[in-house]
Ligand code: G4P
Ligand code: NA
Ligand code: NA
């Protein structure tokens, strides 16, 4: 997605060879027009021959783009929670997500009320790195007995193995921008031109 790649080039801050800060439009401050455009792009890609009844993401940074995508499809957005809510009791699907950055395992939960075997679920997330969060969401879709329509990712760090892992497992992964290299020294961000599907 051209608009997104330009925004990343203009505002992305390379923190290291593996971490890109994009808090001016995605992770802290949010760009509404860009977020609407991302939802339209995901809709264009995934509406072709695919049935979608729910969009599923994980709090917090997946929610904005998850919402604009759900709006295009005219379906609800469900976001997995990272903290157990008091009102959620035991009626939840639970999945463990390992974070390489934090080196800890966290549980994510989704209420059983909001996903069922009748659902066709499109997973949306802001970043794809090692794929742990995405796999946690897949596990929740599977626990619900629902079908997985695909996974839409805003920024895929293609130099980490999440994308390959998920595609090898047979999932339909579509990323709006694929970064193949972050050059910290030269402050250069390299994209893959032909987006892998
Ligand atoms: P890892 O595989 O690279 O270790 O990442 P991990 O799954 O532990 O994800 C930790 C958090 O960092 C996630 O957000 C993930 O989306 C985000 N993330 C991973 N790589 C990058 C990156 O290069 N840049 C930015 N900006 N974020 C990255 P989270 O903790 O779930 O936070 P939230 O923003 O969704 O609340
Ligand atoms: Na994030
Ligand atoms: Na995220």
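Each value in this text was obtained by applying a stated rule to the coordinates, not by laboratory testing. Please read all numbers here as calculations on a predicted model, not as lab measurements. Note that we place each Cβ from the backbone using ideal geometry, even for glycine, and neighbour counts take in every protein chain shown.
When shorter helices are ignored and each DSSP H run of at least 4 residues is given -39500 (n - 2.57), the per-residue value for the chain at 222 nm works out to -8500 deg cm²/dmol. Share of Cα-Cα pairs in the chain beyond 30 Å, in percent? I get 16 percent for the Cα pairs in the chain exceeding 30 Å. In terms of surrounding Cβ atoms within a 10 Å radius of their Cβ, 101, 68, 35 rank from fewest to most as 101, 35, 68. With r as the distance between the Cβ atoms of residue 118 and residue 28 and R0 = 30 Å, compute the FRET efficiency 1/(1 + (r/R0)^6) and round to 0.05. After rounding, the FRET efficiency stands at 0.25. Label-to-label distance for residue 48 and residue 169 is 2.5 nm, based on points extended 7 Å past Cα in the beta-carbon direction. Can you give me the Cα centroid spacing of segment 109-175 and segment 1-22 in angstrom? Spelled out, the Cα-based centre of one part sits 23 Å from the other. Taking label points 7 Å from Cα along the Cα-to-Cβ direction, residue 9 and residue 191 give a separation of 0.7 nm.
DSSP beta bridges confined to the chain are antiparallel in about 40 percent of cases.
Extension gain for the segment residue 107 to residue 181, taken as residue separation times 0.36 nm less the Cα-Cα distance, is 23.6 nm to one decimal. Here each label is just a point 7 Å from Cα along the line to Cβ, and for residue 143 and residue 40 those points are 3.7 nm apart.
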